[in-house]
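Q: Sharing a structure here in structure tokens format.
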Amino acid sequence: MTGDRMRRVDEAVREVLSGAITQQVKDPRVGFVTVTAVETVPDLRRARVYVSVLGDEAVRRRSLQGLRSAHGILQSAVARELRLKHTPTLEFVYDDTAERGMRISELIDREASE
């Protein structure tokens with residue numbers, strides 16, 4: 001698959017999952033979750049779903065467990081909304097990009113004030 005098509009597929013899967021998490025997942029463990037990115041392998045067999053979670057480590061862990069247990073609901077939402085040859089198996093991964101960015105910003109600010 002070409003890079004442009006993969007980008008479109010990744011974005012479409014991200015949009016479907018974002019909507020499905022807010023509207024269909026009723027698991028109380030799933031807190032305030034944002035789907036930040038999706039990376040699908042070229043054969044569409046697997047998709048790594050990056051999520052950010054508002055809260056501490058315990059909240060993050062519970063939210064990821066809730067998402068993993070709602071895997072079937074979310075995968076069926078992707079299959080229902082998108083016409084793909086294969087519906088990818090979803091793997092949820094915590095995205096710590098925002099935390100790393102804040103940490104780098106703190107280090108820069110501290111260095112600048114010294």
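Q: At what distance in angstrom do the alpha carbon centres of the range 1-57 and the range 78-114 lie from each other?
A: Comparing the Cα centres of the range 1-57 and the range 78-114, I get a distance of 11 Å.
Q: Also, quick follow-up: Could I have the simple spin-label model distance between Arg110 and Val93, label points 7 Å from Cα toward Cβ, reported in nm to one decimal?
A: Label-label distance for Arg110 and Val93, simple model: 2.8 nm.
Q: Turning to a different aspect of this structure: What does the convex hull of the Cα atoms of the chain come to per residue, in Å³, rounded to a whole number?
A: 108 Å³
Q: Could you provide, to the nearest whole Å², the per residue accessible area of the chain with probe 1.4 Å?
A: Details: 7300 Å² over 114 residues.
About 64 Å² of surface per residue is accessible.
Q: Next question, about the same structure. How far apart, in nanometres, would the label points at Glu57 and Met102 be if each is projected 7 angstrom from Cα along the Cα-to-Cβ direction?
A: Computed distance between label sites Glu57 and Met102 equals 1.5 nm.
Q: Now for a different question. If you add up the charges near Gly19, with Lys and Arg at +1 and Asp and Glu at -1, over every other residue whose beta carbon is less than 14 angstrom from its beta carbon, what do you get?
A: -1
Q: At a 1.4 Å probe, what is the % contribution of carbon and sulfur to the accessible area of the range 1-87?
A: Working: 2630 of 5210 Å².
C and S atoms contribute 50 percent here.
Q: Report the extension gain between Ala79 and Thr22 in nm, rounded to one decimal, defined as 0.36 nm multiplied by the number of residues separating them, less their alpha carbon distance.
A: 18.8 nm
Q: So what is the 222 nm mean residue ellipticity for the chain from helices alone, if each DSSP H run of at least 4 adds -39500 (n - 2.57) and you divide by all residues, rounding to the nearest 500 deg cm²/dmol?
A: That comes out to -18000 deg cm²/dmol.
Q: For the chain, give the magnitude of the charge dipole about the Cα centre (Cβ charges: +1 Lys/Arg, -1 Asp/Glu; no others), in debye to the nearest 20.
A: Dipole of the chain, to the nearest 20 debye: 760 debye.
Q: Which value, in Å² rounded to 10, gives the accessible area of Ser113 with a 1.4 Å probe and all protein chains present?
A: 90 Å²
Q: Sticking with this one: What FRET efficiency comes out for the pair Arg5/Thr36, r = Cβ-Cβ distance, R0 = 30 Å, nearest 0.05?
A: 0.90
Q: Please compute the net charge surrounding Val35, taking Lys and Arg as +1 and Asp and Glu as -1 over other residues with Cβ under 11 Å from its Cβ.
A: -3
The values are calculated or read from the model by the stated rules, or taken from the named source; none is laboratory data. Bear in mind that the values here come from a model prediction, so they are computed numbers and not experimental data. Methodologically, a virtual Cβ is constructed for each residue, glycine included, from the backbone with ideal geometry; neighbour enumeration extends over all protein chains shown. With ligands, DNA and RNA removed, areas are computed over all heavy atoms of the protein, side chains included. Shrake-Rupley method; radii C 1.70, N 1.55, O 1.52, S 1.80 Å.
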